[in-house]
Amino acid sequence: MTALLTIESLAVGYGGAPVIASLDLAVEEGTVVALLGANGAGKTTLLRTVSGLITPRGGRILLDGDDLAGVAVEDRARCGLAQVPEGRSVVAELTVEENLQLGALWRHRRRAERRVAVDEMYELFEPLARRRSSAGHQLSGGERQMLALARALVAEPRVLLLDEPSLGLAPRVVAQLLAVIRGTVDRTGLTVLLAEQNVTSALSVADRGVVLGLGEVVADAPAAELAADPALRHAYLGF
Amino acid sequence: MDRLVFLLATGVARGAVFALFALSLVIVWRAARVVNFAQGAMAVVAVFVAFGVTAATGSYWLGLGSALLTGAVLGVVVERGVMNHVPAGNPLPGMIVAIGLVMVLQSGLGMLFGPQHRPMAAPFDERPFQVGGVPVLSPYDVFVLVVAVVVMGVLALLFTRTSLGLQLRASAFAPEVSRLLGVRVPRMLTIGWVLSSAVAALAALLLVPTELGLNAHSADMLFVHAFTVAVVGGLDSPVGALLGGLVVGVLMTLVTGYLGATVAPVAVLVLLATVLLVRPAGIFAAIEARQA
């Protein structure tokens, strides 16, 4: 399989402190890679750097072989790179429908196409269909995360960067969301980089697990292997 | 009673201009989180251009078009050339730069055109209609009201019914998330400035014929009143700008009519201070929707 997203010798830091020293990672097309590690391991920093919100100090990020250096955040999105940031990033002042329309805007130029794409999301995430005219701030935590995910998927991205989608959600809701993600990957060939602290959930849908520790890859193994090997789990994931 | 009817009608017409100008402040505040203190001075530059075009061509309407165009161009120039270089994240530097811009523009206009007030003709009669012997609105007042209502309607449709409006609102509320969704946020910011400064130019153009005449300071009081309107209504609220405009317009004319013109600015300041003390976010400000 070929790598759709390649990260080479990436270095990122805030001020004087390096968060990621030199990181290499290749994510194959049509797979889910779980990005694991404790708080402060650099998961969020890595995702924000890939989406262009943080400018790296060194190294390269390639999407399908094209170097993303100097490509603005909005243009990376238009190249098919979607990020769902941590903390249910729905636009609180806009309705569910408007949030979805916004997500669909650049991919589906024509109004009718947009309608079809947004309606598909309502089928995929049924609770959203009932709340389409509710403002973002009126939604429950689960609904918000659902909306953030639907809004990313409606643009039919090639790579989805998910930052802690399970944060603060009930296990049942997490399972539903992850099932939708896995289903979409299997159906469409979407590629997912999933940063999670909820290791068990993340590994249950991932093909591969990558463990970050202080900005470095400390373990990289098939998800099933990582989940089944007590020594690996204990050494890197602390349980 | 006749006097009251006349003052109320005049107040509504005056209020419509305040509302329009306040709306321009709301648009730029929502887009850029800047209270654009230079809005009045920028609008007067556009009115000077309109004055020149009307004088040269004899057409009020060409003048009006040129004011809108100048306003729009000034919006781009000020945003791209000046405000874009002001550090973001804190509204204070933007405000200070805007005040500096007021000084530059007003001094420039003063040097070019001198201090005198140039009378500007209205395109319609300014003598009020008589209804049952009571003077009410003039044809020009009606024109002002119609223009204000149409522009507000068009802006409301633009912001709520078009994909451009959706992107403008999203960029204002959540710029980072909008960029992640492929919205060209810097472009939306420029469009916000363009819309805002064209609307302000229009409001100033509508007001000047009813005032002493055109000079570099013609929009100073308009800015003060519209700023009060925007604060009363809530800087984030277009509906607040509309209703606040009517409140301030009627208050101004009633106080002017019954207590004298010198008391009117004081009444507006009292209103501003009261709102700031009682409900500093403005009467129509949205409830705190954003969490974290």
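Structure data summary
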quantity: Chain A: relative contact order as a whole-number percent, Cα under 8 Å and 6+ apart; calculated: 28
quantity: Globularity index of chain B, i.e. its alpha-carbon radius of gyration over 2.2 N^0.38 Å; calculated: 0.99
quantity: Antiparallel bridge percentage (DSSP; both residues within the stretch A:158-233; nearest 5); calculated: 55
quantity: Mean projected area (nm²) of the alpha-carbon convex hull when the stretch A:138-239 is viewed from all directions; calculated: 7.1
quantity: Cut-off 16 Å, label 7 Å out along Cα→Cβ of A:Tyr14, residues of the stretch A:67-86 by amide N; calculated: A:86
quantity: Expected 222 nm ellipticity per residue - DSSP helices of 4 or more, -39500 (n - 2.57), all of chain B, to 500; calculated: -24000 deg cm²/dmol
quantity: Between 0 and 90°, nearest 10: helix B:139-161 axis offset from chain B longest Cα axis; calculated: 20
quantity: Whole-angstrom gap from the stretch B:1-65 to the stretch B:97-162, using each part's C-alpha centre; calculated: 4
quantity: Calculated FRET efficiency for the pair B:Ala56/B:Arg33, C-beta based, R₀ 41 Å, to 0.05; calculated: 0.60
quantity: Likely footprinting exposure, A:Asp186, B:Asp236, fewest C-beta neighbours within 10 Å first; calculated: A:Asp186, B:Asp236
quantity: Value of relative contact order over the stretch B:94-223, rounded to a whole percent, pairs C-alpha under 8 Å and six or more apart; calculated: 33
quantity: Bridge type composition, chain A - antiparallel percent by DSSP, nearest 5; calculated: 55
quantity: R0 of 22 Å, Cβ-Cβ distance A:Ala228-A:Ala26: FRET efficiency to nearest 0.05; calculated: 0.45
quantity: Unit charges at the beta carbon, dipole of the protein assembly as shown: most positive-side option, B:Ala174, A:Thr45, A:Ile7; calculated: B:Ala174
quantity: Residue-averaged [θ]222 nm for chain A, counting only DSSP H segments that reach four residues, each worth -39500 (n - 2.57); calculated: -10500 deg cm²/dmol
quantity: About the Cα centre, charge dipole magnitude for chain B (Lys/Arg +1, Asp/Glu -1 at Cβ), debye; calculated: 640
quantity: Longest exposed-site-free window of chain B, the sites being chymotrypsin sites (Phe, Trp or Tyr not before Pro) in a DSSP loop that have at most 16 other C-beta atoms within 10 Å; calculated: B:130-292
quantity: Radius 15 Å from Cβ of B:Val144, net charge of other residues (Lys, Arg +1; Asp, Glu -1); calculated: -2
quantity: DSSP bridge pairs, the protein assembly as shown: antiparallel proportion in percent, nearest 5; calculated: 60
quantity: Simple label model, 7 Å out from Cα along Cβ direction - B:Asn90 to B:Gln116, nm; calculated: 4.6
quantity: Two-site FRET efficiency, B:Val278 against A:Ala170, from Cβ-Cβ distance with R₀ of 45 Å, rounded to 0.05; calculated: 0.60
quantity: Under Karplus coefficients 6.51, -1.76 and 1.60, residue-wise ³J(HN,Hα) of the stretch B:17-34 in Hz, glycine/proline x; calculated: 5, 4, 4, 5, 5, 4, 4, 5, 5, 5, 4, 6, 5, 5, 6, 10, 6, 10
quantity: Magnitude of the charge dipole, the protein assembly as shown, Cβ model with Lys/Arg +1 and Asp/Glu -1, debye to 20; calculated: 940
quantity: Cα-centre dipole for the stretch A:117-182 with unit charges at Cβ (Lys and Arg positive, Asp and Glu negative), debye to 20; calculated: 140
quantity: Neighbour cut-off at most 13 other Cβ (10 Å), DSSP loop, GluC sites (Glu not before Pro), the stretch A:1-65; calculated: none
quantity: Separation of alpha-carbon centers, the stretch A:103-136 and the stretch A:42-89, rounded to whole Å; calculated: 25
quantity: Mean separation of Cα contacts under 8 Å (6+ apart) over length of chain B, as relative contact order %; calculated: 36
quantity: Loop-resident sites, the stretch A:132-239, for trypsin sites (Lys or Arg not before Pro), counting at most 16 other Cβ within 10 Å (DSSP); calculated: A:Arg132
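Each reported figure results from applying straightforward, stated rules to the coordinates on display, with no laboratory input. Predicted model, so just to flag it, every value in this text is computed and none were measured. Virtual Cβ from ideal backbone geometry, glycine too; neighbours counted across all protein chains shown.
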